[in-house]
Ligand code: KIV
Ligand code: ZN
C-alpha cells in the first residue's frame, strides 16, 4: 500500500464486546473467535479482563496459547493486583500487551475516585511503570477522555509516554463526543503532547448517540493510528465502533490514504459466528453485515439494480464474503423485479403476460411480506388457467 498510512485494528469483541448485557461467551467460544480474528487480520485482540473472574483469566491464557502472531492485549485497572494478574495471564502470549488506565474526566475523578487531578496523574504514571515490569508493550487508557479537559489530558498523556506507554487510548467512554469535537481532541493531542510521535494514538468510541464509527473516523482523519472496535459493534450499553463499518469506510474511500490489514471477504462469516456465539442478534438494517444490507425491496431500486448494480450498491457483496445481493418480491416491487425473478425460474414472459401476472401477484403481495418461488409458480399456474398467457 504505497503512500498510504496503516490503521491498526484493535478488536475488543472478547473484552468490551463480552461486557454486552446478556452476552453468552465462554472460553471455548472465545478461543474460536480469537482464531477467526487472527485469520481476519486484526492487529490486536483484546482477550479479556483477567482479574474480573477465573474464567476470564483462563480464557486469556488459552487464547494466548492458540494465537501465533497477533498481539494479545488484556485490560487492567490502575491497580497493582490487576496488573500482576494481567501479566501472569499473558505469560504464553507471543506478543503481549497490558492495557491499563484510569478515568481522567472531572466527573470520574470526583465521583468515582473521590480524588483530585494530581493524585490521578500519579496513579496513572505508577500503573504504566508497574505494567512495564511485566511487558514491553503497555497501552494507557484515559477513561472518559471524551469529557476530559484537553490540557489535563495532554499532560497525563505526556507523563505516561515519558514512563514507557507505547499506545495512548483516548476513550470516549460515554459516547458523548460529536465527530468534530473528538477529531479536534485527537489533533490537539497530536500537536501538543511531547513524545506523541513515538507512540500510537488510539480511538475507543462508544455508540450511545450512534456516533461511534463517525467519531473513530474523525479520530483517524485527525491523526490517530489505531481504532478499537468490535464485530457487529457489540459492547457495553449501546456498543462500540463496529469493525466492519470502519474497515469498509477505509476500503471505499481511497482519498483518505488510509488502509487496514483486514481481509474483508471474511467479514460476513465472522459476523455470523459472533452473533451465534454471543446470542446477540444483528439488526437487519445494520450496515455491512445486516440481513438487509444487500437486499433490494422497492420497485424503483430493483429496476435500477437489474439494469446496473452500482445504481444502488456501493459495495460489491463479494467484498465482504456474501455471494450476491438479492431482489425480494414484496408489494413494493414492480414488474422489472417480477420479470427478473420469473426469468430465474425459467419463464420468459411477454409484456402482456407480465401485466396479467403482475395484477395477480400484487394482490397476493399486499397480503404477505414476501412472495417466494413456490408462490410465484402458483401464481403463474393460476394465471394460465384463466388467461392464455403463453400464447
Ligand atoms: O470505554 C472505555 O473507556 C473502556 C476502557 C476501559 C478502555 O472500555
Ligand atoms: Zn469501552
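The values are calculated or read from the model by the stated rules, or taken from the named source; none is laboratory data. Not measured: the values here are computed from a predicted model. Positions of Cβ are backbone-derived with ideal geometry, glycine not excepted, and every protein chain shown enters the neighbour counts.
If you go through the range 243-257 and pick out every residue that is assigned to a helix (DSSP H, G or I) and free of Cβ contacts under 8 Å to residues at least 24 places away in the same chain, you end up with 2. When 30, 91 are checked against the criterion of being modelled with pLDDT of 95 or more and surrounded by fewer than 16 Cβ atoms within 10 Å (Cβ to Cβ), 91 stands alone in meeting it. Checking 278, 230 one by one, the residue that is crowded, with 24+ Cβ neighbours inside 10 Å and either out of contact with any helix residue (DSSP H, G or I) (no Cβ under 7 Å at 6 or more places or on another chain) or in contact (Cβ under 8 Å) with a residue 12 or more places away in the chain (or both) is 230 and no other. Taking the residues in the range 217-242 that are in a helix (DSSP H, G or I) and closer than 24 Å to residue 321 by Cα as candidates, determine which candidate is nearest to ligand 2 (Cβ to nearest atom). The residue in question is 233. Among the candidates 349, 329, the residue that is touching a strand residue (DSSP E or B) at 6+ places or on another chain (Cβ under 9 Å) and on the phi < 0 side of the Ramachandran plot is uniquely 329. Scanning the range 1-17 for residues that are in contact with a helix residue (DSSP H, G or I) (Cβ under 8 Å, 6 or more places away or on another chain) and within 16 Å of ligand 2 (Cβ to nearest atom) returns 9, 11, 13, 14, 17.
The number of residues in the range 165-195 that are closer than 21 Å to residue 117 by Cβ and over 26 Å from the mean Cα position of the chain (by Cα) comes to 4. Residue check: residue 267 meets all listed conditions (1) part of a helix (DSSP H, G or I); (2) under 26 Å from residue 166 (Cβ atoms) but one, namely (2). Taking the conditions (1) buried (at least 17 other Cβ atoms within 10 Å of the Cβ); (2) in contact with a strand residue (DSSP E or B) (Cβ under 7 Å, 6 or more places away or on another chain); (3) farther than 21 Å from residue 167 by Cα in turn, residue 83 satisfies each one other than (3). Each residue in the range 168-181 was checked for being more than 14 Å from ligand 2 (Cβ to nearest atom) and surrounded by 23 or more Cβ atoms within 10 Å (Cβ to Cβ), and 1 pass.
Taking the range 209-227 as the range and being within 16 Å of ligand 1 (Cβ to nearest atom) and buried (at least 18 other Cβ atoms within 10 Å of the Cβ) as the test, the residues that pass are 211, 212, 213, 215, 216, 219, 224, 226, 227. Scanning the range 31-55 for residues that are part of a helix (DSSP H, G or I), in contact (Cβ under 8 Å) with a residue 12 or more places away in the chain and within 13 Å of residue 89 (Cβ to Cβ) yields 50, 51, 55. Please go through the range 16-34 and pick out each residue that is touching a strand residue (DSSP E or B) at 6+ places or on another chain (Cβ under 6 Å) and over 23 Å from residue 249 (Cβ atoms). Selection gives 34 alone. Only one of the listed residues (189, 201) is in contact with a strand residue (DSSP E or B) (Cβ under 9 Å, 6 or more places away or on another chain), more than 16 Å from ligand 2 (Cβ to nearest atom), more than 12 Å from residue 241 (Cα to Cα) and not in a helix (DSSP H, G or I). That residue is 201.
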